[in-house]
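One structure below.
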Amino acid sequence: MFTVEQIKTAHSKVKSGADFPAYIKEIKKLGVTYYETFVTDGHTDYSGEKNYKTSSPARYGPLTI
């Protein structure tokens with residue numbers, strides 16, 4: 001399966017909006033089926049096949065929304 005580090009490496013190649021489709025293709029090849037980013041603390045949950053899931057750490061403290 002994939003790791004957050006692999007996804008970060010793929011994301012580091014994005015320099016403009018034109019690079020975004022290639023990024024999505026790359027993370028799909030890694031096995032990411034969908035992801036959700038949470039406004040409350042900036043973390044992202046990445047999901048794959050067979051209920052595989054990994055999460056990035058929070059980017060900031062909790063926000064009250």
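The values are calculated or read from the model by the stated rules, or taken from the named source; none is laboratory data. Model, not experiment: these values are computed from the prediction. Cβ sites come from the backbone with ideal geometry, for glycine too, and all protein chains shown count toward neighbours. Areas reflect the complete protein model, heavy atoms only, side chains present, ligands, DNA and RNA absent. Shrake-Rupley method; radii C 1.70, N 1.55, O 1.52, S 1.80 Å.
Can you tell me which residue within region 1-19, out of those that are out of contact with any Leu (no Cβ under 7 Å at 6 or more places or on another chain) and not in a helix (DSSP H, G or I), is least open to solvent (accessible area, probe 1.4 Å)?
Filtering first and then ranking leaves Val14.
Six or more apart or on different chains, Cβ under 6 Å: which pairs go from a residue in region 22-47 that's free of Cβ contacts under 8 Å to residues at least 24 places away in the same chain to one that's open to solvent by less than 40 Å² (accessible area, probe 1.4 Å) and assigned to a strand (DSSP E or B)? Could you list them?
If the second residue must be open to solvent by less than 40 Å² (accessible area, probe 1.4 Å) and assigned to a strand (DSSP E or B), the pairs left are Thr33/Ser47; Tyr34/Ser47; Tyr35/Thr44; Tyr35/Tyr46; Glu36/Asp45; Thr37/Thr44.
For residues that are within 19 Å of Ala58 (Cα to Cα) and of a type in the set (Asp, Glu), tally how many sit in region 1-45.
Qualifying residue count for the region: 4.
Pull out all pairs, ordered by first then second residue, where Cβ-Cβ is under 7 Å, the residues are six or more apart or on different chains, the first lies in region 3-18 and is on the phi > 0 side of the Ramachandran plot and hydrophobic (A, V, I, L, M, F, W, C), and the second is open to solvent by 80 Å² or more (accessible area, probe 1.4 Å) and modelled with pLDDT of 95 or more.
none
Here's a check for you: in region 20-65, which residue that is in a strand (DSSP E or B) and open to solvent by 100 Å² or more (accessible area, probe 1.4 Å) is farthest from Phe2 (Cα to Cα)?
Restricting attention to region 20-65, the residues satisfying the condition of being in a strand (DSSP E or B) are 34-37, 44-47, 53-55.
Those still in the list that are open to solvent by 100 Å² or more (accessible area, probe 1.4 Å) too: 34, 53.
Working: Tyr34: 12, Lys53: 9 Å.
Ranking the qualifying residues of region 20-65, first place goes to Tyr34.
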